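See structure below.
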Amino acid sequence: MTGERLDTVVVGASLAGSAAALVLARSGARVAVVDKATFPRPKTCGELLSPDGVAALARLGLDGAVRAAGAATIRRFALVRPDGLRVRGRLPAPALSLSRERLDALVLDGARKAGAALHLGEAVTSVEGNLAEGFTVKTPARTLEARTILGAWGRYSPLDGRLGRPFFGTPATLFGFKKFLTGGAGSRLADLVVLHVFSGGYLGLSLVEEGRVSLGALATPAVAQEAHHDFDRLLARLSAESPALAADLAGLAPEPGPALVSEPVHLGARGATWGDVLLAGDAAGVVDPYTGSGMALALRTGEAVGALLAEHAAGRVAATDLASEWARRWKAVTGRVFFFSRLFRPVFLGGLATRLVGPATAPLAGLAARLTRGSV
Ligand SMILES: Cc1cc2nc3c(=O)[nH]c(=O)nc-3n(C[C@H](O)[C@H](O)[C@H](O)COP(=O)(O)OP(=O)(O)OC[C@H]3O[C@@H](n4cnc5c(N)ncnc54)[C@H](O)[C@@H]3O)c2cc1C
């Protein structure tokens, strides 16, 4: 059924979509958010929210709620080679670590409280229209009309295929996987995120709420499959290859159930628009997970596009200027993040990792931590 025409329909109610909807709704715009998932839901992610993501949460007025939900504060990092060489450093500013079940639900709740209409558990099956005439968005349950559309549907959605985006359907060399671990030994990780590089990928360990430890990894399809089929065996194999990993995992046990495996991960910037559809978060570009910047970028680009769409809804930005203005602002928000995350990628991925991680990596990793946040 077609109802009143909205200012914006946001497709994807995760961090980018909810941040945008929150900003839009607060400005008085009529906005609806649609997601195929219902919340809370788990997500393949290392769950480390970098300092600029924490700052974005504060601007959205949500940092207090996130801390109250039990987020762990992380100040230090360690980068570990399979032979045990451990490079340590301090993050440029404190990060937070909270499960995506809790974090995403909190940001979405912020959008709801600000006045956004939510349609959850409904996959968007088509997006048609343009900025001159408006858009029609369809789910199996409803048809929505809007002046503008925001694509915040993440790194790989069937919608990318329907809209003809070129990466869709091409073979992926990387997949993510994720599992929670439990055990008192998790307190070893207080204040710390540890990144272990191994042949075929890397994995991060950090404490989240209630003493759970999040293990998020980016790896070849073969390793991700192994994680899905027999996680215990994978951990045993990696621990046998790396006594340092075995030491970090001692006293921790995977929670029951299969590991979560992500959609294919095609790393890199894709562009802030596709035709007349504005894009934010991973839909506009997927930054390397080792940076711990993906969530921050989702929040920051969501916040920025929400502000621009609000200006458009208020008549201050013409429809004809919207796409080019968003492309310009998206570049300003993302800075050199994609360039530097690609530059340092070989240190973390592939056979090079074991050779390049060395004592000299501490300043390099510290520099990477700053450069990949655009704060230098
Ligand atoms: C292994 C791994 C580890 C990572 N670790 C970290 C980390 O430690 N720190 C960090 O900051 N980042 C990390 N990231 C990156 C981070 O997870 C993403 O950058 C972030 O989730 C992007 O948020 P988003 O809102 O753009 O998209 P997403 O969180 O992917 O959300 C997209 C939403 O769109 C919805 N959707 C998709 N298609 C449709 C449709 N057709 N109709 C309706 N809804 C739809 C989905 O259900 C989903 O809720 C990691 C990524 C991987 C792969």
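Residues in region 23-54 that are within 13 Å of the ligand (Cβ to nearest atom), out of contact with any strand residue (DSSP E or B) (no Cβ under 6 Å at 6 or more places or on another chain) and in a helix (DSSP H, G or I): 52, 53. When we screen 128, 145, 122 for residues that are in the same structural domain as residue 11 (by TED's automatic domain parsing), over 27 Å from residue 257 (Cβ atoms) and in contact (Cβ under 8 Å) with a residue 40 or more places away in the chain, the only hit is 145.
Of all residues in region 1-22, those that are buried (at least 20 other Cβ atoms within 10 Å of the Cβ), more than 10 Å from the ligand (Cβ to nearest atom) and farther than 13 Å from residue 148 by Cα total 1.
Scanning region 89-129 for residues that are near the ligand (Cβ under 10 Å from one of its atoms) and not in a strand (DSSP E or B) gives 100, 103, 104, 107, 108, 121, 122, 123, 124, 125.
The number of residues in region 254-287 being part of a loop (DSSP other than H, G, I, E, B) and near the ligand (Cβ under 9 Å from one of its atoms) comes to 4. Being within 9 Å of the ligand (Cβ to nearest atom), in a loop (DSSP other than H, G, I, E, B) and in contact (Cβ under 8 Å) with a residue 24 or more places away in the chain is a description that applies to residue 154.
Within region 130-151, the set of residues being of a type outside the set (Asp, Glu), part of a loop (DSSP other than H, G, I, E, B) and more than 11 Å from residue 9 (Cβ to Cβ) comprises 131, 132, 140, 141. For region 66-79, the criterion of a residue being within 15 Å of the ligand (Cβ to nearest atom) and part of a helix (DSSP H, G or I) is satisfied by at least one position.
Residue pairs whose Cβ atoms lie under 8 Å apart, separated by 6 or more positions or on different chains, with the first residue in region 280-300 and in the same structural domain as residue 17 (by TED's automatic domain parsing) and within 12 Å of residue 330 (Cβ to Cβ) and the second polar (S, T, N, Q) and near the ligand (Cβ under 6 Å from one of its atoms), are 281/14; 283/157.
Picking from residues in region 216-236 that are part of a helix (DSSP H, G or I) and touching a helix residue (DSSP H, G or I) at 6+ places or on another chain (Cβ under 8 Å), the one that is nearest to residue 100 (Cα to Cα) is 227. Tell me yes or no: at least one residue of region 237-249 is away from the ligand (no atom under 11 Å from the Cβ), within 30 Å of residue 7 (Cβ to Cβ) and either in a helix (DSSP H, G or I) or of a type in the set (S, T, N, Q) (or both). No, the conditions are met nowhere in region 237-249. Taking region 291-329 as the range and being under 19 Å from the mean Cα position of the chain (by Cα), crowded, with 24+ Cβ neighbours inside 10 Å and not aliphatic (A, V, I, L, M) as the test, the residues that pass are 292, 293, 294, 300, 301, 302, 306. Screening 204, 186 for residues that are more than 15 Å from the ligand (Cβ to nearest atom), buried (at least 18 other Cβ atoms within 10 Å of the Cβ) and touching a residue at least 24 places away in the same chain (Cβ under 8 Å) leaves exactly one candidate, 186.
The values are calculated or read from the model by the stated rules, or taken from the named source; none is laboratory data. Quantities reported herein were computed from a predicted structural model and do not represent experimental measurements. Neighbour counts run over all protein chains shown; Cβ positions are idealised from the backbone, glycine included.
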